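Quick notes on the structure that follows.
The values are calculated or read from the model by the stated rules, or taken from the named source; none is laboratory data. Just so it is clear, the model here is predicted, and its values are computed rather than measured. Here the Cβ is made from the backbone with ideal geometry for all residues, glycine too, and neighbour counts use every protein chain on show.
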Amino acid sequence: MSDKINILAIESSCDETSAAIISNGHVLSNVIATQSVHERFGGVVPELASRVHMQNIAPVVDAAIADSGIIKNEITAVAFTQAPGLIGSLIVGACFAKGFAQARNIPLIAVHHMQAHVLAHFIEANPPFPFLCLTVSGGHTQIVLCKDYLDMEVIGETIDDAAGEAFDKVAKMLGLPYPGGPLVDKNAKLGDPLAFKFPVSEMKGYDFSFSGIKTSILYFLQAQKKLDPDFIEKNVINICASAQYTIVKMLMTKLEKAAKDTGIKHIGIAGGVSANSGLRKAIQEAGVKNGWQVYIPKFEYCTDNAAMIGITGYYKFLSGQLADLSTSPSARATW
Ligand code: KG4
Ligand code: ZN
């Protein structure tokens, strides 16, 4: 047995099957199998996602253990994503984690995926509390006030689409393949962010709304295509740059307001959209302007990964928050 706390972590909430080994809070391995089967459907097909998780889970866990340099009987506990996510996908990870925990007679830890996105910051940095995190993913957009590792409060969120969804929908309208967010980002780097003006939504407090920009871009493209059928082909970089500029502006306006009102100066971004170059640049600039200490996770810890589940599992293990074997996954869950 090892004298270290070694957590085997499993993430399977959407279309990445991932496993990691975290030893005393340090990542020893983080294996991610991305499912390419969804590309031709233009979005994640839940039934297919579950089946591919089923195929991938055992080899991905084996690879994570092999890469880590530890052996199976040195694993102290198993952490898994319990919520939120696609229920069929979550069930695959949960059942595997439970089977592993029961077979080896070790503790099980249930992890909330959104809390894990925030705690991804603690893999490599150690922001002091209170810490403010903008979590932007394919399913969520939240401003989270972190008082401690496991004491977090969502102070603002989207009332409709998530920021990642907005990126993906813009990409789809432009005929770009799924997942479109990274391709909008790539095109945006070459375009003019002020070429087209899209409306910015005005929401109360720290809440967001991204359905308006999606609709306005749709109507804009329909009108322009009537005038010139090749409008998209000719303007794709400028449309991407302008859409990204508007989405990032909406995110940053609320983040700056939350930082100002709370007086917090340690600010981070997390989740898949925190891989966006426009958002990364905008938060750096806001940091210089406002005297913030800015935290941006490495790319592999921004999008879905098991390392973030493992670091969360580690803190839950330290605080004695274990799950029993009757714990079941949930597609939606607040925290
Ligand atoms: O956190 P994540 O990997 O999965 C969820 O929990 O949803 O986030 C995925 C989202 C997708 O909408 C994807 O298009 C978006 O993050 N995304 C990006 C970029 N990389 C990933 N959006 C904009 N720019 C990027 N570079
Ligand atoms: Zn995620």
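A few comments on the model shown:
- Of all the listed residues (ASN305, ASN276, ASN238), the sole one being away from ligand 1 (no atom under 16 Å from the Cβ) and touching a residue at least 24 places away in the same chain (Cβ under 8 Å) is ASN238.
- Residue in region 30-45 that is more than 15 Å from ligand 1 (Cβ to nearest atom), basic (Lys, Arg) and within 25 Å of THR327 (Cα to Cα) present: no
- Sole residue being on the phi < 0 side of the Ramachandran plot, surrounded by fewer than 17 Cβ atoms within 10 Å (Cβ to Cβ) and at pLDDT below 95, chosen from SER36, SER137: SER36
- Odd one out for ALA333, checked against (1) at pLDDT below 95; (2) in contact with a helix residue (DSSP H, G or I) (Cβ under 6 Å, 6 or more places away or on another chain); (3) among the aliphatic types (A, V, I, L, M): (2)
- Count - residues of region 75-97 that are surrounded by 24 or more Cβ atoms within 10 Å (Cβ to Cβ) and among the aromatic types (Phe, Trp, Tyr): 1
- Sole residue being away from ligand 2 (no atom under 16 Å from the Cβ) and within 17 Å of SER137 (Cα to Cα), chosen from VAL236, VAL200, VAL248: VAL248
- For region 39-62, residues that are at pLDDT below 95 and among the acidic types (Asp, Glu) total 2.
- Any hit, region 132-150, residues being within 21 Å of the chain's Cα centre (by Cα), closer than 29 Å to THR246 by Cβ and among the charged types (D, E, K, R): no
- Some residue of region 89-104 being touching a Cys at 6+ places or on another chain (Cβ under 7 Å) and closer than 16 Å to VAL61 by Cα: yes
- Filter pass, PHE80 being aromatic (Phe, Trp, Tyr) and within 16 Å of ligand 2 (Cβ to nearest atom): yes
- From the options LEU279, LEU318, residue that is over 20 Å from GLY205 (Cβ atoms) and under 16 Å from the mean Cα position of the chain (by Cα): LEU279
- Output for region 269-317, where each listed residue is of a type in the set (Gly, Ala, Ser) and in the same structural domain as PRO130 (by TED's automatic domain parsing): ALA270, GLY271, GLY272, SER274, ALA275, SER277, GLY278, ALA282, ALA286, GLY287, GLY291
- Verdict on PHE100 being surrounded by fewer than 17 Cβ atoms within 10 Å (Cβ to Cβ), among the aromatic types (Phe, Trp, Tyr) and in contact (Cβ under 8 Å) with a residue 12 or more places away in the chain: no
- Count - residues of region 125-146 that are away from ligand 2 (no atom under 16 Å from the Cβ) and out of contact with any strand residue (DSSP E or B) (no Cβ under 7 Å at 6 or more places or on another chain): 1
- At least 1 residues being more than 24 Å from ILE296 (Cα to Cα) and within 14 Å of ligand 1 (Cβ to nearest atom) is the threshold, and among the helices (runs of 4 or more DSSP H) wholly inside region 84-198 those reaching it are 87-104, 163-173.
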